[in-house]
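What follows is one structure encoded as structure tokens, with my remarks underneath.
The values are calculated or read from the model by the stated rules, or taken from the named source; none is laboratory data. What you are looking at is a predicted structure, and each value in this text was computed from that prediction instead of being measured. All Cβ positions, even for glycine, are placed from backbone atoms using ideal geometry, and neighbour counts span all protein chains on display.
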Amino acid sequence: MTTLPLHGRRVLDLTNVLAGPFACHQLAHLGAEVIKVEALRGGDLARQLGADAALNQRHMGVSFLAQNAGKRSIALDLKKPGGKAVLQRLVCGADALVENFRPGVMDRLGLGYEALLAHNPRLVYCAISGFGQDGPLRDMPAYDQIVQGMAGVMSITGDARSAPLRVGFPVADTIGGLTAAMAVCAALAERERSGGRFIDVSMLEAVIATMGWAVSNLLVAGREAQPMGNENATASPSGTFATAQGLLNIAANKQEQFEALARVIGREDLTADPRFAQRQARLQHRFELKAEIEAALAAHPAEHWWPLLSAAGVPAGPVWSVAQALEHPQVAARGLVATFTDAPGVGRDVSVLRTGVKLDGTAPAVEQPPPTLGQHTRDILTELGYDDAAVAALQAEGAV
């Protein structure tokens, strides 16, 4: 594989739990050297989170393992002068720093953006928070579900009976992390021209920014989005349909796709029915059309129908579990899952996700498994010029 885009860049990851670690997970797979700066006592809270209680006890929780492969860990107490001095030395040789403390925390530690620019005037500093660095909610703590609720996501998830519902994975944290990674990459790309940058990522705004059609229909057309379950608000037939076995997603958004669907299921008469013949009519009679289609689909399972529909040019696919998705050759063969043998602190093989990107035909990979807390502290201190006596002094202070 050719050199990765961020090869030679050093990123300091001062983040916890998901949004920040996920951002730095992307940067690590794009080639950056990521040093995870963790709290001396406990480290990243995600070390204690996940479905395996034994790993949580070892501070190697599944939630931590999921997005920290390829990073090195140094454990510091940033409230101690020695801990601050170590971070300042790290900043001198860093290209970017990512943190997701509440706004003002780093400034109170004397380690905010302006203070760190004195040590590295070309530092790209990315602060991820729930609501941004200013505004009336800046000091409010934010967790994924809180942001989902306040962004309007929950209000349009589910149907009229079940909404509001949270999305089934931490979508706000993930979007916040992707937004941060994109912004850091952009800032690094023009760092030689502009020097340092302060990036302010609001998870609330990042999520709203991804809700394009739902927001634009309100802003432009004055129509507020409604929870429609598995139905598509803009097209019919487009949604989830019952079959003889399993659910089937169909997105026949174009006239020719609807006509092809009717042919495949043996109901060409539907195209002549005035209730369904034209796009707007199908929207008005969507549930009547759905009933007709499901009656035909009841002859065979979803696994029979979706290849036939796809071959006819009708977007269709089964509704899989997470396990089924991971096991399918389409995913399994593309290198999305990485396995680390006998991962330290875990005592067994660990499989985690890479990123959904291929570069020059190859999925970017990192070589090292997720680190134990402070696993690389001494190595990093040595690289920074600390000798044995200086390291001992930091340990005696409780700074490392």
Identify all residues within segment 193-204 that are surrounded by fewer than 16 Cβ atoms within 10 Å (Cβ to Cβ) and either not in a strand (DSSP E or B) or not assigned by TED's automatic domain parsing to the domain that holds A127 (or both); write none if there are none. R193, S194, G195
Segment 252-269, subset within 37 Å of the chain's Cα centre (by Cα) and surrounded by 13 or more Cβ atoms within 10 Å (Cβ to Cβ), residue farthest from S236 (Cα to Cα): A260
Helices (runs of 4 or more DSSP H) wholly inside segment 1-114 containing at least 2 residues that are assigned by TED's automatic domain parsing to the domain that holds Y143, over 30 Å from L137 (Cα atoms) and under 18 Å from the mean Cα position of the chain (by Cα): 19-29, 62-65
Inside segment 157-189, the number of residues satisfying the requirement of being part of a loop (DSSP other than H, G, I, E, B), closer than 17 Å to I146 by Cβ and of a type in the set (S, T, N, Q) is 1
If you scan segment 223-278, which residues turn out to be hydroxyl-bearing (S, T, Y), closer than 21 Å to P307 by Cα and touching a helix residue (DSSP H, G or I) at 6+ places or on another chain (Cβ under 9 Å)? S236, S238, T243
Quick check on V357: is it assigned to a loop (DSSP other than H, G, I, E, B), modelled with pLDDT of 95 or more and among the aliphatic types (A, V, I, L, M)? no
Can you find, within segment 229-250, the residue that is surrounded by the fewest Cβ atoms within 10 Å (Cβ to Cβ) among those that are hydrophobic (A, V, I, L, M, F, W, C) and farther than 13 Å from L283 by Cα? A244
